[in-house]
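Data first, discussion second: the structure below is written as structure tokens.
The values are calculated or read from the model by the stated rules, or taken from the named source; none is laboratory data. Quantities reported herein were computed from a predicted structural model and do not represent experimental measurements. Backbone-built Cβ (ideal geometry, glycine too); neighbour counts: all protein chains shown.
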Amino acid sequence: MSSPAESAAGSPSTALVTGAGRGIGRAVAHRLSAEGLRVALTARSKDQLEETAAGCTGPTLVLTGDLTDRDAPDRLFGAVESAWGPVDVLVANAGAGVSGRVHRTTDADWQRILDLNLTAPFRCVRRAIPSMLDAGYGRIVVMASTAAKRGDPYIAAYTASKHGVLGLVRSAAAELATTGVTVNAICPGYVDTPMTDATIAGIVEKTGRTEDEARDIIASKQPTGRLVTADEVAAAVWLCVANASITGQGLNVDGGTVQS
């Protein structure tokens, strides 16, 4: 029987990680590589991707691209297939946030967040499924957020996009339940990443608090009183890859913020 780090054909699994240039995506790429997978990395910054690749222990493929481009998933998957064969582990991690009151959220901000956080993962999932069905094996993990399960002020566009992506995961998992392909979402709380650094900078700018004070405010929102680490999120991703009975789930990695 194939190990979790092998495809149905018995060869090392090929993973594609979006948003792999930094933060959670980088940690996920490093974890998958350490587990023996070949890892294709994509983001917009080649320099950041090369830094991620340098920290991987196995084969990597660096592919720059903008996932809001309608044709990007076909190009990315095609490049991986040409180099290594079909993708059998997809981690759709790329995403962004925006802060603002609902009545001050512009159409442009709304669309930008939906395009990257919801439509781009949908297109990647859609592109990944056929070859996984052919192989009778596949793992799809989409990065959601605790915002997929609750509503907080000032992040309506982000929350809507993450609620949507969790719905995509649940429906796809239900369709694929008998096929050997699993689909899950990871729902992190505040993670110690550049994205959270940007949130902290916004608090500093708007309130005049120091960076340390702003960081403490963010950390205190989680019952553990600290930020989640990117490696802790990557461990949850690996759990979804390694365990064939986990599917259709939104796994909270949030220090106890959302109990479910």
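For the range 98-112, the set of residues classified as within 19 Å of the chain's Cα centre (by Cα) and at pLDDT below 95 consists of VAL98 only. Scanning the range 46-97 for residues that are part of a loop (DSSP other than H, G, I, E, B) and either on the phi > 0 side of the Ramachandran plot or within 17 Å of the chain's Cα centre (by Cα) (or both) turns up GLY65, ASP66, LEU67, THR68, GLY85, VAL87, ASP88, ASN93, ALA94, GLY95, ALA96, GLY97. The helices (runs of 4 or more DSSP H) located wholly in the range 151-260 that include 2 or more residues which are closer than 18 Å to LEU90 by Cβ and modelled with pLDDT of 95 or more occupy 156-176, 230-242. Is it true that SER145 is modelled with pLDDT under 95, buried (at least 16 other Cβ atoms within 10 Å of the Cβ) and not basic (Lys, Arg)? Answer is no for this residue.
Is it true that ALA201 is hydrophobic (A, V, I, L, M, F, W, C) and within 26 Å of VAL102 (Cβ to Cβ)? In short, yes.
For (1) surrounded by fewer than 23 Cβ atoms within 10 Å (Cβ to Cβ); (2) in contact (Cβ under 8 Å) with a residue 40 or more places away in the chain; (3) not hydrophobic (A, V, I, L, M, F, W, C), each residue gets a yes or a no:
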position	(1), (2), (3)
ARG22	yes, yes, yes
VAL28	no, yes, no
LEU37	no, yes, no
ALA40	no, yes, no
GLN48	yes, no, yes
THR52	no, no, yes
GLY55	yes, no, yes
